[in-house]
Every structure is written in C-alpha cells, then in structure tokens.
Amino acid sequence: MQPKRRGATLDPAPTFLDDHKGFMSTLDLGVIGNSSFGALINPQGRIVWCCLPRFDGDPVFCDLLNGGDEAREGGDFGFWDIEISDFARSEQHYAHNTAILKTRLYDSEGNTVEITDFAPRYISLGRMFRPVSIMRRLKPIAGTPRITIRLRPRYNWGDRVPDVSRGSNHARFFHTGQALRLNTNAPLTYVLEERSFLLEEPVDMMLGPDEPLIGSLRETANAFEERTADYWRTWVRRLALPLEWQDAVIRAAITLKLSTFEETGAIIAAMTTSIPEAPGTQRNWDYRYCWLRDAFFVVRALNSLAENETMENYLRYLNNIVGEANNHLQPVWGISREAQLVEREVESLSGYRGMGPVRVGNQAYEHFQHDVYGNVVLAAAQSFLDQRLFHPGTPEDFQRLEHMGELAFEKHNQPDAGMWELRTRARVHTSSSLMCWAACDRLSKIARHMGFTDRASYWQGRADTIHATITTEAWNPDMESFAESFGGKGVEAGLLLMAEVGFLSPDDERFRKTLDAVERTLRRGKHMYRYAEADDFGEPETAFNICTFWYIDALARVGREEEAREIFEEMLAARNSLGLLSEDTDVKSGELWGNYPQTYSLVGIINAAMRLSRRWEEEV
C-alpha cells in the first residue's frame, strides 16, 4: 500500500499556493545542492537561504531568518526572487529522480514561467565536478509572462549590502574580499534595477565564484543541466530500493547525499540554523555541523540502500578525528574538523518568523556525550566486512577504534549530557551506556572477523561487563522498565534503540515492558516525544521525528507491524509537499518545526520503509 499523501507517485505532486506575499506557515522549502553547499527555495521560487562558500558559511541569502514579510518594515533583503506580475498560483516539484527543482509561476491570465534550479554535480575528467554555483533557468511555458528578477545578496549575516559592479554580461557583488559573479543572458540593466520585462525567450543565470565564464552561457547551462540530471538518475538507479514507498526513499536518499560535505567527508545535521523546535521557545540551534551521532545514522541508512560511497568518504573524516583523540572525544565538529564551535547570537537577523535568537556555533562541542564512542565504532564497522569497498578497514584502523573502545569502557558508568544534550544537568544516561556497550560489542565482532582471537575475547569481556552494569543499574523494578538513567525514575525515547543495536532481543520481556513504558509516557497521537520532563528550556512542545521512527522500528520488531505501518503512513503525510521533513512536528497542527532538512528525520523514512516494505519476491 503506497503512502496516502497528496497524490504522490514516484515524485511528490506539485504544491499549489495562492498567497505570494505572506510569510511561510510551514517549512515547505525545496532543497538544491551538490555536496559542497545547499540552498532552500520557497514555493514561489524565492531562494531564502544559502550559505557560501559552504554549509557553515555566511548566509548570502538569509531571508529565511529575516522575520517574514509581515514581521518587518523595510528590511527586505537576503533573497533571490523571480516574480511574475499579477501572480495567481505556483506549482513545484523535482525533476524525476534528481535534485533539480522545477517551479512554475502563473499569472491570472494563464501566462506561465518555469524556473529550473540546481547546483551542477557530475563526473568530469575522472573526478566529481561540484562548483559552488547556483543555476537558475527561466523559460516561458504559456503566453508572455512579465517577470521581475530581484537579486539581493547580503554579507555578514545580513548586515552588509555588497558593492556592485557590472560588465557587459555579468555583475559582481563584493565586500571585504568576498565576491560573487552573476553571469546572465537576461538584460543586465533590468536585473540590477529590478525592472519588470516580458520573458519572450529562455534566460539563464549562474551565480558563483568571481571567475570569468569561458564559452557560451546557454551551452554551459544546457550541459550542466543534462549532465547533472544524468548523474542523479544514475545514482538513484544503483540504490537497492524497497518495493514500497520508493518515492519517499529516493527523495530522502538524495537529500541525505546533498547534506554531505564531500571535500572532507563530513555530514551535516541540517542546512539551517535557529529554526526553533517550537514557536517562541528559544530552542534555536545551529545544526550546520557534523554530529558524529547523526552521521552514523546517515551512513547506516545509506548503507542499507547499497550506497556505500558516503560511508567511505565519512570514514576519511572520522579517521582523522579519531587519530587526534586523547582521553575525550567531543560529539560535534566543524565540517573541516574545526574543534571549537563557539556559540554566539547574531543581532542583525530577527529569526524565523521573527522568533529569535539567531545563533551561530553550538555549545555542544564542549559537552561530554559518551554515546559518541559507540557511534564512531558502529559507523566504521561495515568497512571491515564489506568487500565492495575501495578502502576497506585495516588493522591500523582497528587499532584506532580500539582506543574508542577503551574510552567507552572507561566512561560507560560516568555522568554526561546525554544524547539530548542537556546543558545544565549530568546523569549516567542509559542510552549513552548502551552505545558504549555497542562500541565494545562491535569491536569484538570486528576482531573475530579479522582473526584477532585474543582481541575478540577481550572486547567481548568488556561488552559483557557493560551489559551487566546496564541491566543492574538502569532497570527500575517499580516501573518494570529500563529508566533513562542509572537509578532513574523516567523514560526517554533513546531506550527504544536497545533492540535496534542488539543489546536485547525484541522478544526479551524487559524490552517489551520498556516499549510499553515509553509509549505510555511519550506517545502523543501517532507521534513520539523524546522525553516528557522539563529540561533547561521547560517541557518539550513538539514531537521529535526521529523518535517516532525509532518507535515504528520497535513496533515492527515486536510483531506489531500493522500498527507500525499505520504510524509510518502518518509520518509520510507529515512531510511537506516535496517529501521532506524538519526535526520536529507539532502534533496538533501538523506543522513542521526545527532545522531543515533534518538528516535524522530522513534517515527514519529510509529505515522504516526498508523494515516494513513487502519483499520484491512477493510481487515479481
């Protein structure tokens, strides 16, 4: 049975919007990119967010965090618009199995312009070509639409208007050493003066580094689009897809790939900063960095689709981090392995729909989160067993991971901030200890596979010790459930991972009772909270999407598959019109909140589809 969501086929159906000016009530944003940078585009074709020259850079387009049209007076900046006069409605969808976004704008008389947005990505001269360039192609589809191009980049988090110079067919936007060049065959005067004109023939625009364009812009744009489309369709063709929900899985997988910084191998948690987890809560965080926890889940999800290249790239990044670790490994890093991500607030932007603050950096880099050691080992484990890889795990790699195992054993019963990154409270979190067990357990399995018998026994002994500690210290007999911390009296959604990582069999009565306790406490409708008690910012107000997917997985494992499918359908219906999710969902309104697109949530789509889908042999 296919998901019931707005007529989805292999790609989500176009979305229709009638209000061109009102600020967005949901995160209904298209995503383009090429694993160097990303950009977010609203349903009317406005680029509202894009950090350059990479994910964690200065947002050249920052309208997403500029309050929304109704919330500001005269602060209209940080976007790239294609407006059609007398706007009536818009449609938006992805070109089939690609990261190429198509937006159609209609006026009240039926005149129509189509905008094609993408970032070039394809193999050239034996290596990946992924320039930091946005391609925008305009084409009249019906009649002669009158359009206005408004290109308003900003620097220094919206605080600085760039200087502008022009050539015969290009314009430069620059400030303090940063420069962007727009190449276009549109009338440049109309573009710079924001004057409307009749679109009588196709127009191409390329915004990127301040480098001269060699050759014809039209021929370049044609080649970029054709080769980028071929790349993505070939990439999708190689995925080991489930029988059901293929459209959802494909879109999630492409977007996960777009969330990798391929140059170093880092995987970001999301492309945005400071979209609040719930309205007016101050839960505004910068997610444009690589959490080792989130990256592990991304790697595992893509591995399940037979897309192992991301794992190999990520392990290059991870090996450098592990090789530098001493007696502590921080949970989050910059995408070029910056260790210090000092958190500060930006005053020049009012925030998403006016809900500041806007934060840059993330204090989590200072945290002790002991689950990180398990996330590191589990992310690397398949590389020691998979013979398809160009760079399989080596004995030297195993020795580096053993250091992570020693740290995991040392810290498995020590207080930390936990996977939910509590800022003012430390406990011995059960989910952290669980992942410390997973680190030692997987090291034993890897050692056994590599023929290191003594090391296999050593790590099995370490794993058994942690296992016994958790089952003794974290089990609460009064609750008849594992607790969220040693000696604790509550639950949190991370306990659902006990079966997923193999700590307990789904048939184990302790897991079933823990599942019962978690759903009694944290389930809201068909969604799941991460925890229910107050934290540093009060009680959570929205459901955490990845927790709902963990719940779906747990239900399927204990045999409640029909219920799991029903909740999965609900989560698919919660996606926006382009098939994407943010971090959180308001269980009453269905509105998406939190940073976007959230890799954790997209991982959940893939994992649930792979677990719940009927098998191919049932149909063919």
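The values are calculated or read from the model by the stated rules, or taken from the named source; none is laboratory data. Keep in mind that this is a model prediction, so the values were computed, not measured. Ideal geometry is used to build each Cβ from the backbone, glycine not excepted, and the neighbour counts take in all protein chains shown. Remember, those area values only see protein heavy atoms, side chains included, never the ligands or the DNA or RNA. Shrake-Rupley method; radii C 1.70, N 1.55, O 1.52, S 1.80 Å.
Odds and ends about this structure:
- Count Lys and Arg as plus one, Asp and Glu as minus one, and take only other residues whose Cβ is under 12 Å from that of E533; the net charge is then -1.
- Annotation: average projected area of segment 488-620 is 9.3 square nanometres, based on the convex hull of Cα atoms across all directions.
- Distant-in-sequence amide H partners of R89 (H built 1.01 Å from N, under 5 Å): Y106
- Seen against the Cα atoms of the chain and their longest principal axis, helix 509-522 is set at about 40 degrees.
- Rounded to the nearest 10 degrees, the angle from helix 309-324 to the longest Cα principal axis of the chain is 60 degrees.
- Taking 7 Å steps out from each Cα toward its Cβ at Q399 and S165 produces label points 5.5 nm apart.
- Net charge of neighbours whose Cβ lies under 12 Å from the Cβ of D107, counting Lys and Arg as +1 and Asp and Glu as -1: 0
- Karplus (6.51, -1.76, 1.60) ³J(HN,Hα), θ = phi - 60°, over segment 190-195, in Hz, Gly and Pro reported as x: 4, 5, 5, 8, 6, 9
- With the cut-off at under 19 Å, measuring from each backbone N in segment 193-211 to a point 7 Å along the Cα-to-Cβ line of F174 picks out 206-211.
- The Q387 and Q363 beta-carbon pair, evaluated with R₀ = 51 Å, returns a calculated FRET efficiency of approximately 0.75.
- Within-14-Å neighbourhood charge of F224 [Cβ basis; K, R +1; D, E -1]: 0
- Solvent exposure of the chain as accessible area per residue, Å², 1.4 Å probe: 37
- The distance linking segment 296-325 with segment 479-512 is 27 Å (Cα centroid to Cα centroid, whole angstrom).
- Angle in degrees between helix 292-304 and the longest Cα principal axis of the chain, rounded to the nearest 10: 80
- Tail fraction, Cα-Cα pairs, segment 312-355, threshold 14 Å, whole percent: 62
- Of the GluC sites (Glu not before Pro) found in segment 483-569, those that fall in a DSSP loop while having at most 14 other beta-carbon atoms within 10 Å are E533.
- In nm, spacing of pseudo-spin labels at E533 and V342 (7 Å Cα→C-beta vector): 3.4
- Sequence-distant residues sharing a close amide H with I141 (under 5 Å, placed H): T112, V113, E114
- Segment 250-331: Rg to Rh, with Rh as the Kirkwood radius over Cα pairs: 1.03
- Per-residue Karplus couplings for segment 355-369, computed as 6.51 cos²θ - 1.76 cosθ + 1.60 with θ equal to phi - 60°, are listed in order as 9, x, x, 9, 10, 10, x, 8, 5, 4, 5, 8, 6, 9, 10 Hz, Gly and Pro entered as x.
- Dipole of the chain, positive direction: furthest Cα of G45, L385, V491, with charges on the beta-carbon: L385
- Ranked by the mean number of other Cβ atoms within 10 Å per residue, highest first, peptides 107-113, 596-602 order as 596-602, 107-113.
- Taking chymotrypsin sites (Phe, Trp or Tyr not before Pro) across segment 382-426, the ones in a DSSP loop with at most 11 further Cβ atoms lying within 10 angstrom of their Cβ are F390.
- Under-5 Å amide H pairs with R166, H placed in peptide plane, nonlocal only: R172
- Order by protection proxy (mean Cβ within 10 Å, highest first), peptides 233-244, 80-91: 80-91, 233-244
- When the chain is reduced to its Cα atoms, the Kirkwood hydrodynamic radius in Å: 25.2
- Portion, in percent, of the accessible area of segment 419-501 that falls on carbon or sulfur, probe 1.4 Å: 48
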